[in-house]
1. Taking 0.36 nm per residue of separation and subtracting the Cα-Cα distance, what length does fully extending Ala31 through Thr217 add?
2. Give me the one-decimal nm value for the distance between modelled label points at Leu69 and Asp57, 7 Å along each residue's Cα-to-Cβ direction.
3. Taking the Cβ-Cβ separation of Val76 and Lys23 as r and a Förster radius of 22 Å, what is the calculated FRET efficiency to the nearest 0.05?
4. Please find the FRET efficiency linking Glu154 to Ala177, where r is the Cβ-Cβ separation and R0 is fixed at 22 Å, and quote it to the nearest 0.05.
5. Find out how many positive minus negative residues lie around Ser134, taking Lys and Arg as positive, Asp and Glu as negative, among other residues whose Cβ is under 14 Å from that of Ser134.
Amino acid sequence: MPLEPSEAQAVALVFTSSHPLVKSKLARLRATSTQAAEFRSLVRSLATLLASEATVDLRTREVDVQTPLGRAHGHVLADTIGIVPILRAGLGMADGVLELIPDAEVWHLGLYRDEATLQPTEYYSKLTSATRISLAIIVDPMLATGGSAVRACEVLRNAGISNIKYVSLIAAPEGIARLSAAMPEVPIYVGVIDSHLNDVGYIHPGLGDAGDRQFATD
C-alpha cells in the first residue's frame, strides 16, 4: 500500500504510511508492555515496510536471466544504496532495510542530543567514498526536534551526496518543520505523525526513548 502525502503538514515531501501492518505494529511498539526483544523485532519489520515504500522510485536496468526453462527478461537495481543509521537508535532500523536491500552499504553516524540545549553533537562518523552512492537513506526511529536529522543531512551533503531520503517510525510536527525548512528537497517517510513535543523535547505520545527500549538500558 503506497504512502500518502500527509494532510497534517503543508509540506510536499512528507509521506505518512497508510499500510495496516505499519499501523498495527506501531501500536504494539508504543505499548509499555512490549519488552526489548519484541521491540527490536518490531523496529526491524517496520523499517522494512517503510523502506519498501520509500524506494518505489529506485532506478533499474534491464537484464536477461536464465531460468530452468529458458531466458527471461527482467530488471535489477541501477542505484547504489547507502543506509545511514543515526546511532544508536537507528541501528535496529538499518537491519530492517538491509533485509530489503542486502547489497546496500551501511554508513554509521553517531549523534547525541544535549538534553539541556536539545542540540545535536556529532561523536562518530564512518562514511566511505560518496562516489559509489547514488542514494542515501537516513534511518532513525524518532524525528523529534529535527536537530539530528538536519545535522545528518549536512554531513552527507558535505561528503558529496545530494540524493537523500529520511525514514522514521514516529515524527513530531516540530521535527518535520525543522527538517523540511533546512532540507526542503529531502523526502521524509514516517509511520505516523504525533501531536507535539513535550517540554523536554520528547514526542508525545510517542513511545519513550527508542534507544533505551531497544537495548534494555532504561
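1. Numbers: separation 186, 0.36 × 186 = 66.96 nm, distance 1.69 nm.
Computed gain between Ala31 and Thr217 is 65.3 nm.
2. 3.7
3. According to the calculation, E is roughly 0.10.
4. Working: r = 17 Å, r/R0 = 0.78.
The pair Glu154/Ala177 has a calculated efficiency of 0.80.
5. Computed value for this residue: 0.
Computed from the coordinates by the stated procedures, all read-outs in this text should not be read as laboratory data. As the structure is a computational prediction, the values presented were derived from the model and not from experiment. Counting neighbours? That spans all protein chains shown, and the Cβs are built from the backbone with ideal geometry, glycine included.
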